[in-house]
Amino acid sequence: RGGACARGGGGKMASTAAGKQRIPKVAKVKNKAPAEVQITAEQLLREAKERELELLPPPPQQKITDVEELNDYKLRKRKTFEDNIRKNRTVISNWIKYAQWEESLKEIQRARSIYERALDVDYRNVTLWLKYAEMEMKNRQVNHARNIWDRAITTLPRVNQFWYKYTYMEEMLGNVAGSRQVFERWMEWQPEEQAWHSYINFELRYKEVDRARSIYERYILFRALAVLVLVHPDVKNWIKYARFEEKHSYFAHARKVYERAVEFFGEEHMDEHLYVAFAKFEENQKEFERVRVIYKYALDRIPKQDAQNLFKNYTIFEKKFGDRRGIEDIIVSKRRFQYEEEVKANPHNYDAWFDYLRLVESDTGAETVREVYERAIANVPPIQEKRHWKRYIYLWINYALYEELEAKASPFSDAERTRQVYQACLELLPHKKFTFAKMWLLYAQFEIRQKNLPLARRALGTSIGKCPKNKLFKGYIELELQLREFDRCRKLYEKFLEFAPENCTSWIKFAELETILGDIDRARAIYELAIGQPRLDMPEVSGRGCVWGAHCPGCLMDMQVIHQLRHELEAERFMGARFGVLCPQVWISLAQFELSAGQEERLPRCRQVYEEANKAMRSCEEKEERVMLLESWRSFEEEFGTEATKERIDKLMPEKIKKRRKLQAEDGSDAGWEEYYDYIFPEDTANQPNLKLLAMAKLWKKQQQESEAAAVDPDKDIDESQT
């Protein structure tokens, strides 16, 4: 019991001691500011690298002194390799390391066993086959190496490296026949281009030119089949074949190869490199005409954008061996290419077509020119507006003129072709919307040159019926005048005046025609009808023609006609009622007529015309026309008038003043101010009291300014009246 008490007392004392044990206090950091020198993780790693803390010491070198230790070492290494292979059989590097280790121990049989086991795992691994074969070759096991290469090319025939290594090994062994046999087996698989060239070079190393030629023949035949299948022309192989023949001085064979290549590729797959090489070959053979023919043939058929190198070489050739004409042909070809690009980019660029046509007309034959013209006129303007057709129509005109004038030397040119051009153009024009009178007139003139007057008249009659125009009537009338068909001229003038009765020139020309023919009554009747028209485009011309129409040779001698005309004019208020317009030219013409009448009362009558005209022109809104009338009157008075009449006309002359008016834009906003000149006539000022009051106010202000100036400087003599 005492022991129990002792044990109990000891436990109590231990728990008390544990209860009294204190936890150490954590030191408090009073200064939490960053240290002056900071240490980064990069610095720690650098210091560890410098001190080489992580480098393990190399294992101690083991020296093998007897066979047992060697066998033990081999056993441990083999066990290690086998364990690695067992862990992952697909890692080929483990197999190769294992085999190379066995090879280093001269255990060739074991190394072969390891390679065979590896091939069972992955026979598609190229490196494995190469290492295997290289091991056999290094150890001079030729038959084993051949066996491995045979197995490799049989298993993986598309791996070119096997074939290269195999043929190289046989060639190094001096087994040329065996190497050729390997090449033949390789060619059966139709390899890539380099393989064929390797075979050819192999034969050339042994001076077997005929064999090399046969290989080239087989090769280009194979590539030809590939071209037909893949539609991928390969010109360089033909060029290499031809250069091979040229290098060995078989020039006829080389030319034949080039010709076969041109024939094979045809016009669908033409390549400029083939023709450049062909031309250079002929150039080396001094066949300059052949070179020129080759270049021209290629330039005519290869698209221009793909023939830049061809152009360059052709130019160099002509500069070296050609004449001036050849160089000009090159320049023309380049310009044609530029024009082709322009018209291809914008077919409606008619200026480019004109330049192109001028070029081909000066350098090529009729058929080529016609082809370009047909291409040009096929680009019809998309919009039926005359402004878009103005340049286009000249393509047809030039085409027709070329057929008629320039293409005469051609056996295909005739008048019928020119006629077809004109008719096609006239059928193309939308005559209901607009037409071109020059095209109808040119067609009619062409038919007259061909002595086919009915067709010319039919064309002009059709033009007047479809699309009457002033120019068409004038051209038709001029034609009939040249033919002295005056009855037809009268009919055409009648149709012309029915179409355009406001045309003053046509009335005058019609009257002049009748005057020339001696029919004065018809001429007078025409003038009467003209001045009776309600609307005329140039009434002053018509009035002058009407007045001076009485001065024809037949009427000039009859003074009664002059008096009758004057009485008619006076009765109708000097042409105002007849013309229905108050144009100053009409009044001026009438005044000049009165002045030139040659009678005693001509001056008063002329002055009376000016007086009446001034009264009639007061209501005219166009003040410039009234000023023109007064200036004509003043010129008359300065020549024939007295001092009183001159003073009177000076008082009637207006005052020219400068004014400003506000402008407005199309959207109604303010567009600034505009200065203009206005005329104030004294007669209008007298009739408007407001203007008179304004003038008096200006005069009073002027007098005030003069009096103030005199009060400031009384000694200064100021003549303000002159100012």
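The values are calculated or read from the model by the stated rules, or taken from the named source; none is laboratory data. Everything numeric in this text was worked out from a predicted model, so none of it was measured. All Cβ positions, even for glycine, are placed from backbone atoms using ideal geometry, and neighbour counts span all protein chains on display. Note: areas computed on protein heavy atoms with side chains; ligands, DNA, RNA excluded. Shrake-Rupley method; radii C 1.70, N 1.55, O 1.52, S 1.80 Å.
Reported count of residues in region 650-664, each being hydrophobic (A, V, I, L, M, F, W, C) and under 17 Å from E625 (Cβ atoms), is 2.
Close contacts from region 344-361, counting a first residue that is on the phi < 0 side of the Ramachandran plot and a second that is exposed (fewer than 14 other Cβ atoms within 10 Å of the Cβ), with Cβ to Cβ under 8 Å and a gap of 6+ residues or different chains, come to H348/P382; A352/N346; V360/T368. From the list A378, A424, the lone residue that is within 22 Å of L472 (Cβ to Cβ), open to solvent by 20 Å² or more (accessible area, probe 1.4 Å) and small (G, A, S) is A424. Within region 181-201, one or more residues are touching a Pro at 6+ places or on another chain (Cβ under 7 Å) and either at positive phi or modelled with pLDDT under 90 (or both).
Of the residues making up region 199-226, those that are crowded, with 18+ Cβ neighbours inside 10 Å, among the small types (G, A, S) and either without any contact (Cβ under 8 Å) to a residue 40 or more places away in the chain or in contact with a strand residue (DSSP E or B) (Cβ under 6 Å, 6 or more places away or on another chain) (or both) number 1.
A search for C-beta distances below 7 Å between a residue of region 363-378 that is closer than 11 Å to A407 by Cβ and any residue that is surrounded by 18 or more Cβ atoms within 10 Å (Cβ to Cβ) and of a type in the set (G, A, S), counting only pairs 6+ apart in sequence or on different chains, returns A366/A407; A366/S413. How about region 598-607: which of its residues are assigned to a helix (DSSP H, G or I) and either exposed (fewer than 13 other Cβ atoms within 10 Å of the Cβ) or acidic (D, E) (or both)? Result: P604, single match.
Could you tell me whether any residue of region 121-130 is free of Cβ contacts under 8 Å to residues at least 24 places away in the same chain and either of a type in the set (A, V, I, L, M) or surrounded by 13 or more Cβ atoms within 10 Å (Cβ to Cβ) (or both)? No. Just to verify a result, which residue in region 608-624, among those that are within 60 Å of the chain's Cα centre (by Cα) and crowded, with 16+ Cβ neighbours inside 10 Å, is farthest from A591 (Cα to Cα)? Ranking the candidates gives K623 first.
Within the option set W396, W440, being in a helix (DSSP H, G or I) and touching a Gly at 6+ places or on another chain (Cβ under 8 Å) holds for one residue only, W440. The residues of region 366-385 that are under 24 Å from the mean Cα position of the chain (by Cα) and more than 17 Å from V343 (Cα to Cα), listed by number, are I383, Q384, E385.
Within region 620-662, work out how many residues are touching a helix residue (DSSP H, G or I) at 6+ places or on another chain (Cβ under 8 Å), within 18 Å of V609 (Cβ to Cβ) and aliphatic (A, V, I, L, M). Residues that pass the stated criteria total 5.
Residues being over 58 Å from the mean Cα position of the chain (by Cα) and surrounded by fewer than 13 Cβ atoms within 10 Å (Cβ to Cβ): count how many of those fall in region 176-192. Here the count works out to 1.
Given the criteria within 23 Å of T154 (Cβ to Cβ) and either assigned to a helix (DSSP H, G or I) or open to solvent by 70 Å² or more (accessible area, probe 1.4 Å) (or both), does E134 qualify? So E134 passes the test.
Among the residues making up region 52-75, those that are surrounded by 10 or more Cβ atoms within 10 Å (Cβ to Cβ) and either out of contact with any helix residue (DSSP H, G or I) (no Cβ under 7 Å at 6 or more places or on another chain) or under 30 Å from D122 (Cβ atoms) (or both) are E69, L70, N71, D72, Y73, K74, L75.
Whether a residue is under 18 Å from E406 (Cβ atoms) and assigned to a helix (DSSP H, G or I) was assessed, and Y356 passes this test. Scanning region 59-83 for residues that are in a loop (DSSP other than H, G, I, E, B) and closer than 27 Å to W95 by Cβ gives P59, Q62, I64. Between L492, L455, the distinction of being under 27 Å from T515 (Cβ atoms) and either open to solvent by less than 50 Å² (accessible area, probe 1.4 Å) or assigned to a helix (DSSP H, G or I) (or both) belongs to L492 only. A count restricted to region 143-175 and to residues that are of a type in the set (A, V, I, L, M) and open to solvent by 50 Å² or more (accessible area, probe 1.4 Å) stands at 2.
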